[in-house]
1. Averaged per residue, what accessible surface does the chain expose to a 1.4 Å probe, in Å²?
2. Beta carbons within 10 angstrom, averaged per residue: use that to sort the peptides 86-99, 61-74, highest first.
3. Roll a 1.4 angstrom probe over the protein heavy atoms and tell me the percent of accessible area of the chain that is carbon or sulfur.
4. At a probe size of 1.4 Å, how large is the accessible area of T154, to the nearest 10 Å²?
5. Could you work out the mean projected area of the convex hull around the alpha carbons of the range 88-163, in square nanometres to one decimal?
6. Using the alpha carbons of the range 34-106, what is the convex hull volume per residue in cubic angstrom, as a whole number?
Amino acid sequence: MQKILNMILGCLIVSFGIFILQSSEIITGGTAGLALSLSYTAAASFALMFLLINIPFYVLAFFKMGWKFTISTIFAVTLLSGMSEIVQLLPAAAMHPLAGAVIGGTIIGLGLSLLFMNGSSLGGANILSLFLQQKYGWDPGRTLFIFDFLVILTGLYSVGLIRGIYSVISVIFISLIISYFKSKIADKNNKEETSYNENTAVS
């Protein structure tokens, strides 16, 4: 029950971060960044774009991270999509794009860290970054930064060069926050994996 509550809190935190980025008309990395970029260009719902983009990554999660992680991720993605629609009812948080990038990126980083520590993700590069951390010990914050930077490059068409630079700043803050919590994320996931292996051995 505590894990579910933490996931709900993590998704709520991320949804507020995305709301701030939307209010500042900038994007971020990962599948959330792709969904934001498509929502700007196609005038479509972020929630719908986010759900559709993540479908192929569910397959990757199942084969690389297991069914438990996959179900947890599907739950988190669906939850965030619903919360992002509800948050849209709030009045727009008008602020300078630079402030939006720093604040939004920090908030999203906190939310993602909480999700990671509870064995979940928001799909896309999050899945790959967690897999690489478990397999090779790579820093998930740095891995996400590389992928997020590439996503922003492809999203420059929808937001322009200046806001694209602000978007990179948001990614930097997301990766810094996740890197700060990387040891806690690794410890939490290692404990769950050890517990799972012990239970499997007993059964």
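1. I get 50 Å² per residue for the chain.
2. Order by mean packing, descending: 61-74, 86-99.
3. 71
4. Here the residue's solvent-accessible area equals roughly 100 Å².
5. Mean projected area of the Cα convex hull: 6.3 nm².
6. It comes to 111 Å³ per residue, whole-number rounded.
The values are calculated or read from the model by the stated rules, or taken from the named source; none is laboratory data. It should be emphasised that the depicted structure is a prediction, and the values quoted were computed from it without experimental measurement. Here Cβ is always computed from backbone atoms with ideal geometry, including for glycine, and neighbour counts include all displayed protein chains. Note: accessible area is taken over every heavy atom of the protein model, side chains too, but ligands, DNA and RNA are not part of it. Shrake-Rupley method; radii C 1.70, N 1.55, O 1.52, S 1.80 Å.
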